[in-house]
Amino acid sequence: MGSLFFSTIDVSRQAFYRSTLSYAIVNLKPIVPGHVLVLPTRHVARLADLSEPELSSLMRAVQQVGSVIERVYEADGLTVACQDGRAAGQSVPHVHFHLLPRKAVGDRFAGKNNDKIYPALEKAEAEVAQPFKVDADEDRVARSMEDMEKEATWLKGFFE
């Protein structure tokens, strides 16, 4: 298969899951360990722009990738989020789902902080538009391509 683009960003080296109509990538600045993105192969801005086969493939990918991510990161659950449109906080006009493995204990968003994951996700979404910008006061630092490729290679092994 050819190169994969998240809008205009080549993410081929970050990909760990591929089907004909969807794929998954590791995240440049994960909010929690195992935070990944699942996207349709065709670049479309909104969920409503997807064909039925694309939407079905995307939801299957969210389910399959989510199951693996939850298991390998020893999570107790997942936060699955999609900001559909600019007004919803989508900064990159390419449909994508965030999958974040969550732990009942030991997750920085556990317990009373559970809903704080949503503002963190919104902030992360805004940063994706400028993928190599790193804020000096940001807790999450951008990972190197080597680190992302290493994680992607490891995760690929769970789908082969």
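So the values come out like this:
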{"read-out": "Additional length obtainable on full extension of the chain from Phe5 to Ala110, 0.36 nm per residue less Cα span", "value": "34.5 nm"}
{"read-out": "Trypsin sites (Lys or Arg not before Pro) restricted to DSSP loop in the range 1-76 with at most 15 other C-beta within 10 Å", "value": "Arg42, Arg46"}
{"read-out": "Cα-based reach from Lys112 at 16 Å (exclusive), listing lysines while leaving out same-chain residues under 8 positions away", "value": "Lys103"}
{"read-out": "Residues of type lysines that Lys123 reaches as a straight line, Cα spacing below 17 Å, ignoring anything fewer than 8 places off in the same chain", "value": "Lys29, Lys133"}
{"read-out": "Distance-filtered residues of the range 8-50 - backbone nitrogen under 19 Å, label point 7 angstrom along Asp84 Cα→Cβ", "value": "22-23, 37-50"}
{"read-out": "Viscosity 0.692 mPa s, temperature 37 °C, Stokes-Einstein D of the chain from Kirkwood C-alpha radius, µm²/s", "value": "207"}
{"read-out": "Residue order, fewest to most surrounding Cβ atoms within 10 angstrom, among Ser22, Ser57, Ser67", "value": "Ser67, Ser57, Ser22"}
{"read-out": "Normalised contact order of the range 5-128, rounded percent, pairs of Cα under 8 Å and 6 or more residues apart", "value": "25"}
{"read-out": "Cα gyration tensor category, rounded, prolate or oblate, for the range 2-52 with a/c compared to 1.5", "value": "prolate"}
{"read-out": "The range 79-124: trypsin sites (Lys or Arg not before Pro) in DSSP coil with no more than 14 other Cβ atoms inside 10 Å", "value": "Arg108"}
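Taken together, the values in this text are just the output of simple stated rules run on the coordinates, not laboratory data. Just so you know, these numbers come straight off a predicted model, no measurement behind them. Please note: Cβ atoms are built from the backbone with ideal geometry, for glycine as well, and neighbour counts cover all protein chains shown.
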